[in-house]
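**Q** Got a structure for you, questions after.
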Amino acid sequence: MIRRVLDPHIEEAREAALEVLLHNDRGPFHGLPRTAGWGYPEPYTRDLLIASLGILAHGDERLVASLRRVLQTLAKNQTALGHIPSLVHDPGDLGASDTTPLFLIALACYRKFARKPLFLAGAARKALKWMAYQSPDQEGLVAQQPTSDWRDEHWVLGYGLYVNALYCAGLKLHGKDERAEQIARLLNRHEISGDVKPRHVREGLAVPNQPYYALWSYKIMHDDRFDLLGNSLAILTGIASRERARRLVTWIESRCAALRKKKELATELPPCLFPYIQPGDSDWRERYDRFNRPGEYHNGGVWPFICGFYVAALVAAGRPALAEKKLLALARLVKPAREAAVTFGFNEWAKAQDGRPMGQDWQTWSAAMFLYACSCVEQRRTPFLDDIRNQGPGH
């Protein structure tokens with residue numbers, strides 16, 4: 001396999017990312033990994049499962065063994081109906097919409113890495129069954145409650161792009177191609193506009209005359225704000241055709257250039273959501289004034305772990321030079337720390353308008369997704385996800 005020589009700044013950041021993950025490998029809760037170096041000692045399920053991509057792409061034996069322990073503990077704490085808890089060690093902490101599909105993805109990737117195709121087979125069957133029951137109309141798309149995915153300060157209603165993209169990936173990785181293709185087809189249908197939902201017409205998330213997918217849709221309601229993580233996953237999983245993926249990347253870069261021109265974005269990397277939700281907008285909520293201001297947190301903050309997915313999506317979309325450029329920008333983004341006296345902060349998120357780190361330093365998923373992005377740029381492929389992208393509509 002041909003590996004590219006990466007910029008020294010990227011290599012320095014990669015070494016620091018591994019240091020972060022090894023530091024966070026064991027925390028105070030049953031010896032499970034920490035979510036962040038100091039601020040989050042708990043083993044948050046979604047963070048650790050997202051981190052699996054970077055851990056497996058790097059292959060460090062200690063970290064792979066730790067991931068196996070996470071998967072085994074989650075299987076032990078899985079509910080009788082198949083739901084995966086939000087904290088790895090706590091079977092009573094339930095309600096997340098993304099932990100179960102993330103478990104399916106991380107488990108499949110671990111199986112491939114370890115060459116153990118039947119590892120935790122019973123837990124996988126239960127998780128697949130749980131997800132099937134999350135489809136209200138039994139057509140395929142799964143629905144969610146507000147603030148139940150990674151965004152605990154942002155309301156996503158009904159059929160969300162991010163969770164359905166995860167589910168589609170999980171199905172493909174577990175060989176459930178027919179059901180995955182049905183979800184991809186539904187996501188590629190246009191959202192429903194107007195005052196009435198026609199009978200037997202299924203809503204989708206494709207935005208008319210635009211290359212990107214809407215944040216969420218349900219019956220006649222929808223949100224057309226741009227979700228970077230969901231759209232990056234749509235590219236990585238093959239939900240977006242190759243042509244749509246190329247147009248989508250061009251659209252993202254163009255819109256980010258416009259944000260920078262208006263002084264609403266200071267970084268070379270995209271925010272997690274735009275346009276930002278402003279006070280007075282119909283979807284503005286009172287508590288956002290304290291927790292979710294425009295350009296901050298889930299309302300347009302710049303999240304390193306999501307930017308890692310975006311770099312991977314650029315590779316998948318056939319833009320390797322741009323991916324390498326954005327990886328170097330990511331290496332710069334993760335350097336400043338908010339509080340810790342460390343060379344690289346690998347902070348949780350940065351404020352869009354000035355790029356200042358605003359969350360917790362030494363965040364596990366920030367470091368792990370940097371490692372995954374490095375592997376993608378270095379190899380010009382997306383480990384574990386290449387095969388599933390060649391399935392589905394438009395391929």
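The values are calculated or read from the model by the stated rules, or taken from the named source; none is laboratory data. All of these numbers come straight from a predicted model, not from anything done at the bench. Positions of Cβ are generated from backbone atoms using ideal geometry, with glycine treated the same way; all protein chains shown enter the neighbour counts.
**Q** Of the numbered conditions (1) of a type outside the set (A, V, I, L, M, F, W, C); (2) in contact with a Phe, Trp or Tyr (Cβ under 9 Å, 6 or more places away or on another chain); (3) under 20 Å from residue 328 (Cβ atoms), residue 278 satisfies every one except a single condition; which is it?
**A** (3)
**Q** Sticking with this one: For region 109-153, which residues satisfy the criterion of being farther than 22 Å from residue 178 by Cα and either of a type in the set (Val, Ile, Thr) or in a helix (DSSP H, G or I) (or both)?
**A** 110, 113, 114, 147
**Q** Right, here's the next one. If you go through region 172-185, how many residues are in a helix (DSSP H, G or I) and under 15 Å from residue 111 (Cβ atoms)?
**A** The total comes to 2.
**Q** Which of the helices (runs of 4 or more DSSP H) found entirely inside region 247-357 contain at least 1 residues meeting this: polar (S, T, N, Q), closer than 24 Å to residue 388 by Cα and in contact with a Cys (Cβ under 7 Å, 6 or more places away or on another chain)?
**A** Of the helices (runs of 4 or more DSSP H) lying wholly inside region 247-357, none has at least 1 residues that are polar (S, T, N, Q), closer than 24 Å to residue 388 by Cα and in contact with a Cys (Cβ under 7 Å, 6 or more places away or on another chain).
**Q** Looking at region 319-331, I want the residues that are free of Cβ contacts under 8 Å to residues at least 60 places away in the same chain and have a partner that is among the hydroxyl-bearing types (Ser, Thr, Tyr) with Cβ atoms under 7 Å, at least 6 apart or on another chain. Which pairs are those?
**A** Matching pairs, first to second residue: 326/310.
**Q** So in region 46-76, with the set limited to residues that are polar (S, T, N, Q) and under 12 Å from residue 364 (Cβ atoms), which one is surrounded by the fewest Cβ atoms within 10 Å (Cβ to Cβ)?
**A** So the residue we want is 66.
**Q** Just to be sure, is residue 11 at pLDDT 95 or above, of a type in the set (Asp, Glu) and not in a loop (DSSP other than H, G, I, E, B)?
**A** yes
**Q** While we're here: Among the candidates 75, 51, single out the residue that is aliphatic (A, V, I, L, M) and more than 19 Å from the chain's Cα centre (by Cα).
**A** 75
**Q** Answer with yes or no whether residue 97 is modelled with pLDDT of 95 or more, over 24 Å from residue 55 (Cβ atoms), among the hydroxyl-bearing types (Ser, Thr, Tyr) and assigned to a loop (DSSP other than H, G, I, E, B).
**A** no
**Q** Another one. Going by the conditions given, is residue 93 surrounded by 15 or more Cβ atoms within 10 Å (Cβ to Cβ), within 20 Å of residue 147 (Cβ to Cβ) and out of contact with any helix residue (DSSP H, G or I) (no Cβ under 8 Å at 6 or more places or on another chain)?
**A** The answer is yes for residue 93.
**Q** Residues being surrounded by 15 or more Cβ atoms within 10 Å (Cβ to Cβ) and either under 18 Å from the mean Cα position of the chain (by Cα) or touching a residue at least 40 places away in the same chain (Cβ under 8 Å) (or both): count how many of those fall in region 133-145.
**A** Result for region 133-145: 5.
**Q** Does residue 58 fit the bill of being modelled with pLDDT of 95 or more and more than 26 Å from residue 385 (Cα to Cα)?
**A** no
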